[in-house]
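Throughout, read-outs are computed from the coordinates displayed, never taken from laboratory work. Computed from a predicted structure; not experimentally measured. Every residue, glycine as well, gets a Cβ built from its backbone with ideal geometry; the counts of neighbours run over all protein chains shown.
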Amino acid sequence: MAFVDLKAQQRVLGDRLKQAIERVLDHGVFIMGPEIAELEKRLADFVGVKHAVTCSSGTDALLMPLMAWGIGPGDAVFTTPFTFIATAEVIALLGAVPVFVDVDPDTFNLDPELLARAVEAVKKADPQIYPLPRAATEGALRPRAVIPVDLFGLPADYASIHKTALHFGMDVLEDAAQSFGAMDAGGKRAGALAPCAATSFFPAKPLGCYGDGGAVLTDDDDLAEVVRSLRVHGKGGHKYDNVRIGINGRLDTIQAAILLAKMDVFSEELAAREAVAARYTEGLNGWVKTPKVPAGCRSAWAQYTIVADHRDKIQATLKEREIPTAIYYPKPLHRQKAFASLGYKPGDFPVAESLSEHVLSLPMHPYLQPDQIDYVIDAVRAALA
Ligand SMILES: *Cc1c(COP(=O)(O)O)cnc(C)c1O
């Protein structure tokens, strides 16, 4: 059994993948070839935004909007400590300060009430109100932006987050790296839930290519134009006219061709992921804490993640039965050496810390068969019996 079975997807896509790659080999425009514009139109239509700007990774898709907003030293950017390092890394790369806000124990996503408290704490440079990074206590930082993460495929609570962001004049960047294809209760797609979003096409994400890739999604014409410039070394009218400091952040044409082929089956894959999740939940309810999807929402089910007291025992039992599992994330970001200089302490974010000790992600992909799902369910129950 595979944790994510890309071979099964290849069998379903058959010749379509090879033909898509061969077309690129034939026209030979490996950088910014015609498939890039075609994919960008298709992604924007799917998500329901005006602009999709493809780029080299989900990380660069997070980095470039922050660059476009001019975020840097003296700025506080709020995000969760229970995410992949990239979400907070881009903040630090720009010289701004990541300010962590604990997550909701049921959705694993940024807790909007705690966000309001954390912003208040930053404005008053008062860690009594909410745990702060050292830099925020030494002098007041400007609260500039918040990066909510749609963890494991489930959209964060944007309605509440936007209220706080609006109140304090902060930008919101949706980290939709895991949620491409998901929907909020109003039927809006992930990627359209904030004024700007970043997604990733890393192979194991819900929509993945065969290398690194990502996209910035927005309705904002000016922001899209600046991101298009940043992606090619801050180009102006042409490549050798440089109007700002940018990066080499393009998506390869071959990866765009692969993504176009995969888009053909993506909607069916989302439905299949939901069916897999439903079968897991039915079989595991009452045995472990199963993921909750708020009414009306649809998760992209990047991961199916349970919470259990005997997580390590379950993982060991599944391993004996050759069932691969993963722990996302074993160490919250405020406990990472890379962020030691922020000066956070153990206990600052109790929900994230507890989750890191109790979560376990089970095999999840659209081609998981009912008998395989039942085999996993049996193994989890056996570990607890
Ligand atoms: C994967 C991921 C990223 C980074 O995407 P890459 O394409 O690997 O750079 C950022 N945030 C989250 C939550 C992710 O899961």
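Near Ser299: Cβ cut-off under 9 Å, other residues only, Lys/Arg at +1 and Asp/Glu at -1. The net charge is 0.
Applied to the range 47-54, the Karplus parametrisation 6.51 cos²θ - 1.76 cosθ + 1.60 on θ = phi - 60° returns per-residue 3J(HN,Hα) values of 7, x, 10, 6, 10, 10, 10, 6 Hz, with x for Gly and Pro. According to the square roots a ≥ b ≥ c of the eigenvalues of the Cα gyration tensor, what is the shape class of the range 266-384, taking rounded for a/c under 1.5, prolate for a/b larger than b/c otherwise, and oblate for the remainder? In terms of gyration-tensor shape, prolate.
If both residues of a DSSP beta bridge must be in the range 6-263, then about 50% of such bridges are antiparallel.
Net charge within 11 Å of Ala352 by Cβ-Cβ distance, Lys/Arg positive one each and Asp/Glu negative one each, not counting Ala352 itself? Its environment carries a net charge of -4. Peptide packing for 319-325, 49-55, 278-284, 180-186 was compared via the average number of neighbouring C-beta atoms within 10 Å per residue; ordered from the highest value, the list is 49-55, 180-186, 278-284, 319-325. Remark: the range 5-15, residue by residue, has Karplus-estimated 3J(HN,Hα) of 9, 6, 5, 4, 5, 4, 5, 5, 6, x, 6 Hz, where x stands for each Gly or Pro and the curve is 6.51 cos²θ - 1.76 cosθ + 1.60 at θ = phi - 60°.
Near the amide H of Thr83, within less than 5 Å, lie the amide hydrogens of Leu333, all on another chain or at least 5 residues away, with H placed in the peptide plane. Neighbour counts of other Cβ atoms within 10 Å put Cys209, Cys196 in the fewest-to-most order Cys209, Cys196. Toward the positive end of the charge dipole of the range 271-380, with +1 on the Cβ of Lys and Arg and -1 on the Cβ of Asp and Glu, the farthest Cα among Ala278, Gly343, Met364 is that of Gly343. Shape class for the range 1-79, computed from the alpha carbon gyration tensor (a ≥ b ≥ c): prolate, with a/c not under 1.5 and a/b above b/c.
For a straight C-alpha distance cut-off of 18 angstrom, the lysines reachable from Lys18 (same-chain residues fewer than eight places away being disregarded) are Lys7, Lys262.
Gap in Å between the Cα centre of the range 346-385 and the Cα centre of the range 117-191? The range 117-191 and the range 346-385 have Cα centres spaced 27 Å from each other. Helical runs (DSSP H, four residues minimum) scored at -39500 (n - 2.57) apiece and divided by the length of the chain put the mean residue ellipticity at 222 nm at -13000 deg cm²/dmol.
Running Debye on the range 221-280 with equal point scatterers at the Cα sites and no solvent, what base-10 log of I(q)/I(0) appears at q = 0.14 Å⁻¹? With no solvent term, the Cα-only Debye profile gives -0.62.
Once backbone amide H atoms are built at 1.01 Å from N, Ala177 has Asp150, Ser200 as its partners under 5 Å, excluding neighbours fewer than 5 places away on the same chain. What translational diffusion coefficient, to the nearest whole µm²/s, does the chain have by Stokes-Einstein, given a Kirkwood radius computed over alpha-carbon pairs, a temperature of 20 °C and 1.002 mPa s viscosity? The Stokes-Einstein estimate is 100 µm²/s. Computed from backbone phi with θ = phi - 60° and the Karplus coefficients 6.51, -1.76 and 1.60, the 3J(HN,Hα) list for the range 324-341 is x, 9, 8, 10, 10, 10, x, 9, x, 4, 6, 9, 7, 4, 4, 10, 4, 5 Hz; x is used for glycine and proline.
Calculated on the Cα set of the range 97-173, radius of gyration then Dmax: 12.1, 37 Å. Exposure proxy ranking for Ser200, Ser56, based on other Cβ atoms within 10 angstrom of each Cβ and starting from the fewest, stands as Ser56, Ser200. Quick one: check the C-alpha center-to-center distance for the range 33-98 versus the range 284-303, whole angstrom. Between the Cα centres of the range 33-98 and the range 284-303 lies a distance of 27 Å. Other residues whose C-beta falls under 13 angstrom from the C-beta of Pro370 contribute a net charge of -3, scoring Lys and Arg +1 and Asp and Glu -1.
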